[in-house]
Amino acid sequence: MNITVIGRGNIGGGLADRWEQAGHKVNRLGRPGGDAGAAEVVLVAVPGDAVQAALSSVTGLSGKTVLDATNLYGDVKPPAGFSSNAEYVKSVTGGPTAKVFNTNIASLYDRVANARVRPSNLWSGDEEAQRLVEQLSLDAGYEAVRLGDLSMAATQESLAHSVIAIAQSGLGEFVYRLAAPEQL
Ligand SMILES: NC(=O)c1ccc[n+]([C@@H]2O[C@H](COP(=O)([O-])OP(=O)(O)OC[C@H]3O[C@@H](n4cnc5c(N)ncnc54)[C@H](OP(=O)(O)O)[C@@H]3O)[C@@H](O)[C@H]2O)c1
């Protein structure tokens, strides 16, 4: 699959490495921007307050499926008029959109591949994005678990605070698994 990542840091660069290992072709864009026209799917992995600037420097986004991994910390809010960054992203691209990879810690990507059981990767968004979310989660070592439609993206973005609080309350960096009882 042809993937463009916007943001090539911990998340964008880390997932690009995993996806290349799984056989995908990844185009890594940073601050200078570039073109995403050849991509089947686009990952947004820039600081939460840089989404507008980042999307404005990238061409070829119209109608693309976008996976948005951004989080909002501290006083950072989504762009005016939107309850989440993911809904803002969809207003720009007009394609299937998912909030995903924002509740997993990038520094653990290396260790997830060797996990005894697959950790979960929460996502919310459009059903049309489901196949790509599930495939690219698996290719990064995770099992996608749906939280809801795109109206739940704000709820999912707010979970970042819980992830940090849990890590700082004694557990340290962690993965999580959500499973139906028959999978116990
Ligand atoms: N780190 C984690 O464990 C983690 C977990 C979940 C969610 N997140 C979220 O994921 C996002 C990325 O986090 P990260 O840790 O990967 O950050 P990071 O390592 O600091 O990387 C940020 C990337 O964004 C790019 N960037 C910054 N401003 C930009 C702009 N205006 N236009 C285009 N690109 C821009 C940078 O470009 P250059 O390469 O050109 O400098 C860099 O590649 C954040 O929203 C963060 O909250 C992070």
I'd like the full set of residues that are away from the ligand (no atom under 13 Å from the Cβ), of a type in the set (S, T, N, Q) and in a loop (DSSP other than H, G, I, E, B), limited to the range 50-80. Ser62
Scan Pro47, Pro32 and give me the residue that is in contact with a Gly (Cβ under 9 Å, 6 or more places away or on another chain) and within 7 Å of the ligand (Cβ to nearest atom). Pro47
Can you confirm whether Ile166 is at pLDDT 95 or above, touching a Phe, Trp or Tyr at 6+ places or on another chain (Cβ under 9 Å), of a type in the set (A, V, I, L, M, F, W, C) and more than 20 Å from Val44 (Cα to Cα)? yes
List every residue pair whose Cβ atoms sit under 6 Å apart, with the two residues 6 or more apart in sequence or on different chains, where the first one lies in the range 128-142 and is of a type outside the set (S, T, N, Q) and the second, anywhere, is part of a helix (DSSP H, G or I) and crowded, with 16+ Cβ neighbours inside 10 Å. Asp139/Trp19; Ala140/Leu15; Ala140/Arg18; Gly141/Val112
Looking at the range 30-56 only, could you name the residues that are without any contact (Cβ under 8 Å) to a residue 60 or more places away in the chain and over 23 Å from Tyr73 (Cα atoms)? Pro32, Gly33, Gly34, Asp35, Ala36, Gly37, Ala38, Ala39
Checked the range 7-17 for anything of a type in the set (A, V, I, L, M, F, W, C) and under 11 Å from the mean Cα position of the chain (by Cα); matches are Ile11, Leu15
Going through the range 91-121 one residue at a time, which ones are of a type in the set (D, E, K, R) and part of a helix (DSSP H, G or I)? Asp110, Arg111
Hey, can you tell me all the residues within the range 90-103 that are buried (at least 24 other Cβ atoms within 10 Å of the Cβ) and either within 12 Å of the ligand (Cβ to nearest atom) or hydroxyl-bearing (Ser, Thr, Tyr) (or both)? Thr97, Lys99, Val100, Phe101, Asn102
Members of the range 7-29 found to be in contact with a Gly (Cβ under 6 Å, 6 or more places away or on another chain) and either more than 6 Å from the ligand (Cβ to nearest atom) or modelled with pLDDT under 95 (or both), listed by number: none
If you scan the range 60-80, which residues turn out to be polar (S, T, N, Q) and surrounded by fewer than 20 Cβ atoms within 10 Å (Cβ to Cβ)? Ser62
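The values are calculated or read from the model by the stated rules, or taken from the named source; none is laboratory data. Note that the coordinates shown come from a computational prediction; the quantities given were computed from them, not determined experimentally. Quick reminder, even Gly has a Cβ in these numbers, built from the backbone with ideal geometry, and neighbours come from all protein chains shown.
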